[in-house]
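Here the structure is laid out as structure tokens; the discussion comes afterwards.
The values are calculated or read from the model by the stated rules, or taken from the named source; none is laboratory data. Fair warning: this is a prediction, and the values are worked out from it, not measured in the lab. Every residue, glycine as well, gets a Cβ built from its backbone with ideal geometry; the counts of neighbours run over all protein chains shown.
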Amino acid sequence: MNQNITIPFIEGDGIGPEIWAVTKQIIDKAVAVSYEGKNKIEWVEILAGMNAIEKTGLPLPDETIAEIKKHKIAIKGPLTTPVGEGFKSINVQLRQILDLYACVRPMGYIKGVKSELKHPEKINMTVFRENTEDLYGGIEFKMNSKEVHEILDIVKNSNSKGYVHFPDTTAIALKIVSKQASERLIRSAINYAIAHKLPSVTIVHKGNILKFTEGGFRNWGYALAKEEFPDQTYTWDTKDSVDTSNRILIQDRIADAFFQDIILNPQKHAVVASTNLNGDYISDAIAGCIGGIGISPGANINYKTGMAIFEATHGSAPDIAGKDIANPLSLIFSGVMMLHHIGWTAAANLIDAAAKQLILKGKVTGDLSITKAALSCSEFGKALIEEMTSAN
Ligand code: NAD
């Protein structure tokens, strides 16, 4: 049966156009080869970021949101966000407006990738980062010390005891963590562990310091696992009273200790669920141990509506933009996640296997290369097409 699907794409800023051009070629080729021309993706360009400002005057035009809502899917390159001034991150706006509450980043060591770790092969983790709240609400104020104290007087129920020193020039940000958003993220992480037959979900938090927000995330997570997955999960406390052989361990780690675990004990963690800011740091730290953000894929998903945006997880890399040296693999592997999402598994597997084969052969871009003989971004694209077609 012939299948056509329309997928909106955002090319992205900086290295975005270079890596998108290669990614699009690879996805189109894999689909053509896998389904002998019967399946086709109709790509529709939608605007966001610097490109959108140039063409429409707005960083995130309404049509972009409308088009993603219509098709319930999109793929995007990285977008530049001004630091310390300017408009709110478009990435964050997309996630919040479309309620794409889970940022999912599967990260496993790929044979042949250079790593600073002695045993990078022990890393096989999927991070579920809460995507809609925490400090990413971006709600912040500039205040003097008197105003800060007035607020603390109003918020009697705060955990601020002992903290009395506010210099006169102070900025405050709201960290919002709700039970509902925490639960749906942790529920998705547990469902993912069940679907992929993974042994554990680690809730990573800073609940020792932030007892209501980060501590809430942890406590709501444990309670949810107990209430909604009583037969599929266990904890260290219930370990001796149940048969754990087909169950998922729900455990938690304080964020600082978890960062140590990424390097010393990564095999103890399969799925990781965390709040927005922790999850952001954690994802890049894990990626850095196994080849870097240049090869790390990601998706922003609402599991209830099925809407998803697949994206390169790195930024727009202004330091290498326009040089044709960026690694397109983060966006290509995100494309692989997208093909799985729409059920086009043969095309997904073809790209995945060929890319891993190229890495093993050392045919990689400069960020992954251990020799000086690195491929450019576009050369890597050509080599990947050759690998896919010769493999078939
Ligand atoms: P960055 O990810 O752009 O770059 C960090 C480092 O990684 C740089 O040295 C860069 O050259 C390298 N790098 C990144 N992607 C690479 C690739 N594909 N191949 C090879 N090397 C790669 O982070 P930054 O410099 O902190 O941020 C630049 C801009 O990107 C900022 O405006 C930031 O807000 C934005 N940003 C966007 C996203 C997103 O769109 N999802 C994510 C992170 C940062």
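Table for the structure above
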quantity	calculated
Hey, ILE139 of a type in the set (A, V, I, L, M) and closer than 28 Å to TYR192 by Cα or not	no
Condition met for PRO297 (near the ligand (Cβ under 10 Å from one of its atoms) and either under 30 Å from GLY12 (Cβ atoms) or in contact with a Leu (Cβ under 6 Å, 6 or more places away or on another chain) (or both))	no
Answer from ALA374, ALA312, ALA326 - the residue that is of a type in the set (A, V, I, L, M, F, W, C), under 30 Å from HIS71 (Cα atoms), within 12 Å of the ligand (Cβ to nearest atom) and at pLDDT below 95	ALA312
Index of the failed condition, ASP168 passing every other in (1) at pLDDT below 90; (2) surrounded by 13 or more Cβ atoms within 10 Å (Cβ to Cβ); (3) more than 19 Å from GLY137 (Cα to Cα)	(2)
Residues that are at pLDDT 95 or above, within 17 Å of the chain's Cα centre (by Cα) and β-branched (Val, Ile, Thr), drawn from segment 67-84	ILE73, ILE75
Residue in segment 345-358 that is over 28 Å from HIS196 (Cα atoms) and basic (Lys, Arg) present	no
Helices (runs of 4 or more DSSP H) (entirely within segment 134-239) containing at least 1 residues that are over 30 Å from LYS268 (Cβ atoms)	145-154
Set VAL201, VAL148: member being touching a residue at least 24 places away in the same chain (Cβ under 8 Å) and under 23 Å from PHE259 (Cα atoms)	VAL201
Residue pairs meeting the criteria (Cβ under 7 Å; at least 6 apart or on separate chains; first touching a residue at least 24 places away in the same chain (Cβ under 8 Å) and part of a helix (DSSP H, G or I), in segment 358-371; second away from the ligand (no atom under 11 Å from the Cβ) and among the small types (Gly, Ala, Ser))	LEU358/ALA383; ILE359/GLY112; LEU360/GLY112
Selection from segment 52-73 of residues that are under 24 Å from PHE333 (Cα atoms) and either among the acidic types (Asp, Glu) or within 13 Å of the ligand (Cβ to nearest atom) (or both)	GLU67
Cross-chain or 6+ apart pairs with Cβ under 8 Å, segment 16-30 first and within 11 Å of ALA326 (Cα to Cα), then within 11 Å of the ligand (Cβ to nearest atom) and of a type in the set (S, T, N, Q)	GLY16/SER316; ILE19/ASN327; ILE19/SER330
Residues within segment 372-386 that are assigned to a strand (DSSP E or B) and surrounded by fewer than 17 Cβ atoms within 10 Å (Cβ to Cβ), tallied	0
Test: residue in segment 309-319 that is assigned to a helix (DSSP H, G or I), touching a residue at least 40 places away in the same chain (Cβ under 8 Å) and surrounded by fewer than 21 Cβ atoms within 10 Å (Cβ to Cβ)	no
Flag if ILE332 is within 16 Å of the ligand (Cβ to nearest atom), crowded, with 22+ Cβ neighbours inside 10 Å and either under 24 Å from VAL33 (Cβ atoms) or modelled with pLDDT of 95 or more (or both)	yes
Conditions (1) within 22 Å of HIS119 (Cα to Cα); (2) surrounded by fewer than 17 Cβ atoms within 10 Å (Cβ to Cβ): number failed by ALA287	(2)
